[in-house]
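Visitor: Quick one: structure below, then a few questions.
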Amino acid sequence: MVVTVASLKGGSGKTTLACCLAVHWHLQGRAPLLIDADPQRSAMRLAERPRALGGVALREQADADVWKTVEDSRSRYGVILVDTPGFDSEITVSALAAADLVLIPVKASPLDVDRMMDTVRILMSGVRGWTPTFRCVLTQTMRGSVIARHVREELEASGFPLLASEMPNRVAFPEAGLFGATPSLMMPEGLASRDIAAIAAEVEALFPATRALCA
Ligand SMILES: Nc1ncnc2c1ncn2[C@@H]1O[C@H](COP(=O)(O)OP(=O)(O)OP(=O)(O)O)[C@@H](O)[C@H]1O
Ligand SMILES: [Mg+2]
């Protein structure tokens, strides 16, 4: 299973989501590979910090050849995650071409939603001949606020499929990053760790055959 995390909106939570899912599946023994396709090297730099993302397998390929790296690695890993840049659509389209699933993190605000819709149109029209399966994921949502519910309804009404699970705004995410970790490593029983487990379970349910292979 290849999961590309993409959005042409900077700061939407791509790197956080990609790293958190990679570490979660690593701790579950699913042999993930995390590919950093962002020239900013955010995931690579996180892995240079003391906890080194828990030792998850990591590769850097920040150019339009990233699809080849994915194809070369596919048979050796249970799941491949690709973190993409927030701006370069050439690299991102290459990463999409190899994806079984595209996760599009989107912050719960009208400005972010508009940009996300552009993202989907630009990216999907760049992948010739087919449209990868994609799901939006609401990120940095605030507990008790109504905006996330409104945005969810708006996206669903516009036909943008959305995961039921969200990545809420929690300080545990950036705090874990300080140590080159994710909440699943720092606080396995904590709320942020459970948020990621819920997202991971939804993704796995989309690919039941892969789940059987990797379990
Ligand atoms: N769920 C969350 N709760 C709190 N902070 C978060 C959450 N997700 C991401 N952040 C913070 O928001 C900022 C942007 O997140 P991140 O770097 O993952 O986004 P990105 O989409 O990869 O950005 P870029 O487009 O620059 O690559 C970071 O400071 C990160 O720590
Ligand atoms: Mg990033």
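The values are calculated or read from the model by the stated rules, or taken from the named source; none is laboratory data. Predicted, not measured: the structure shown is a model, and the values here were computed from it. Positions of Cβ are backbone-derived with ideal geometry, glycine not excepted, and every protein chain shown enters the neighbour counts. Side chains included, ligands, DNA and RNA excluded: accessible areas come from the protein's heavy atoms. Shrake-Rupley method; radii C 1.70, N 1.55, O 1.52, S 1.80 Å.
Visitor: Kindly provide the pair-distance distribution of the chain built from C-alpha pairs, with 5 Å bins from 0 and whole-percent values in order of increasing distance.
Guide: Going from the shortest bin to the longest, the percentages are 1, 8, 16, 21, 22, 18, 10, 3, 0.
Visitor: Give me the accessible area per residue for the chain, probe 1.4 Å, as a whole number in Å².
Guide: Per residue, the chain has 44 Å² of solvent-accessible surface.
Visitor: Per residue of the range 6-22, in order, report the coupling 6.51 cos²θ - 1.76 cosθ + 1.60 (Karplus, θ = phi - 60°) as ³J(HN,Hα) in whole Hz, putting x for Gly and Pro.
Guide: 9, 5, 7, 9, x, x, 7, x, 4, 5, 4, 5, 4, 5, 5, 5, 4
Visitor: If amide hydrogens are placed 1.01 Å from N in the peptide plane, which non-local residues have theirs closer than 5 Å to the one on residue 81?
Guide: HN-HN under 5 Å from residue 81: 3, 33, 34, 35.
Visitor: OK, next. Applying the Karplus parametrisation 6.51 cos²θ - 1.76 cosθ + 1.60 with θ = phi - 60° to the phi angles of the range 89-96, what ³J(HN,Hα) value in whole Hz is obtained for each residue in order, glycine and proline being reported as x?
Guide: Taking θ as phi minus 60°, the curve returns 6, 5, 5, 5, 4, 5, 5, 5 Hz for the range 89-96.
Visitor: Here's a follow-up. Can you give me the relative contact order of the chain as a percent, contacts being Cα pairs under 8 Å and 6 or more apart?
Guide: Here the relative contact order equals 26 percent.
Visitor: How large is ³J(HN,Hα) for each residue in the range 113-118, as worked out from phi by the Karplus curve 6.51 cos²θ - 1.76 cosθ + 1.60 (θ = phi - 60°), to whole Hz, x for Gly and Pro?
Guide: Once θ is set to phi - 60°, the couplings for the range 113-118 become 5, 4, 5, 5, 5, 4 Hz.
Visitor: Hey, another quick one. Based on DSSP H runs of at least 4 residues, each adding -39500 (n - 2.57), what is the mean residue ellipticity at 222 nm of the chain after dividing by all its residues, to the nearest 500 deg cm²/dmol?
Guide: Rounded to the nearest 500, it is -13500 deg cm²/dmol.
Visitor: Long-range amide H contacts for residue 138: which residues qualify at under 5 Å (H placed 1.01 Å from N, peptide plane, sequence gap of 5 or more or a different chain)?
Guide: Amide H neighbours of residue 138, under 5 Å, 5+ apart: 106, 163, 167.
Visitor: Looking at the range 86-161, which trypsin sites (Lys or Arg not before Pro) are DSSP coil and have at most 14 other C-beta atoms within 10 Å of their C-beta?
Guide: Answer by residue number: 128, 143.
Visitor: Across the chain, where is the longest run that never hits GluC sites (Glu not before Pro) in a DSSP loop with at most 11 other C-beta atoms within 10 Å?
Guide: Result, exposed sites excluded: 49-188.
Visitor: Continuing with this model, one more query. Based on the alpha carbons, how large is the Rg to Rh ratio for the range 87-211 when Rh follows Kirkwood?
Guide: Rounded to two decimals, Rg over Rh is 0.98.
Visitor: Right, something else. About its Cα centre, how strong a charge dipole does the chain have in debye, to the nearest 20, once Lys and Arg get +1 and Asp and Glu get -1 at the Cβ?
Guide: 340
Visitor: Per the 1.4 Å probe, what fraction of the accessible area of the chain, in percent, lies on carbon and sulfur atoms?
Guide: That share works out to 53 percent.
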